[in-house]
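Accompanying notes for the structure given below.
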Amino acid sequence: LYDEALFAPIPGMLPSPFLSRPMDLGTAGFSAPRRAILDGIHKALWAGKAEQLIRSAWSRREGQHIAGVHWKRWSREDLVDTANALGPLRLINFMTLLLEDWTTARRGLPDLVVLPGPGVQVDTFSLGEDLMCIEVKGPGDTLRDDQREWIERLLAINIQVEVWQVYENSSIPIQPDTTGKQNVH
């Protein structure tokens with residue numbers, strides 16, 4: 001969505017096309033020299049053009065080494081579905097958070113993004129009909145400060161976030177698989 005802003009020629013900056021990201025990404029100074037570009041992107045998002053922006057950027061950049069981009073982790077359609085599920089306001093707010101604090105996002109963002117669908121209740125876990133983010137914690141695992149901070153940020157921009165604590169269920173029998181290893185439930 002924001003590749004035009006990431007790779008814009010900014011006076012006094014090293015040329016971004018030769019870097020995996022602009023040096024000022026994630027700093028308070030990122031947005032000001034790119035204000036006109038960011039305003040144009042936001043105008044396009046408000047006009048419902050997230051899918052066009054994603055597909056266009058994907059076509060131009062696919063396979064390039066760009067910090068934070070993992071071409072095989074999410075498909076183009078997953079990104080389009082996520083952008084559409086967020087809608088313009090939440091998408092712009094989320095992307096603004098990333099641009100201003102990119103460096104902590106990797107350590108703080110929740111583990112899962114669940115796209116909208118029919119509401120489902122499974123044991124103590126529930127999935128709503130809106131996009132939601134889920135931080136998964138296992139036995140003995142607790143939230144770190146950067147995770148708490150990102151959860152608060154996401155909640156502040158109206159993105160649903162839940163923390164799911166996962167425990168071993170000793171009532172489920174563990175059966176050995178064909179390799180002789182035990183299945184974990």
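Evaluating Thr82 against the criteria (1) in contact with a strand residue (DSSP E or B) (Cβ under 7 Å, 6 or more places away or on another chain); (2) over 25 Å from Gly117 (Cβ atoms) leaves one unmet condition, (2). Residues in segment 99-111 that are at pLDDT 90 or above and among the aliphatic types (A, V, I, L, M): Leu109 only. Would you be able to say whether some residue in segment 63-72 is at pLDDT below 90 and touching a Leu at 6+ places or on another chain (Cβ under 6 Å)? The answer is no; no qualifying residue exists.
Identify all residues within segment 1-53 that are among the acidic types (Asp, Glu) and modelled with pLDDT under 95; write none if there are none. Give the derivation first.
Quick first cut of segment 1-53, residues among the acidic types (Asp, Glu) only: 3-4, 24, 39, 51.
Asp3, Glu4, Asp24 - these are the residues of segment 1-53 that are among the acidic types (Asp, Glu) and modelled with pLDDT under 95.
The values are calculated or read from the model by the stated rules, or taken from the named source; none is laboratory data. Small disclaimer: the values here were computed from a predicted structure and weren't measured. Note: ideal-geometry Cβ built from the backbone for every residue, glycine included; neighbour counts use all protein chains shown.
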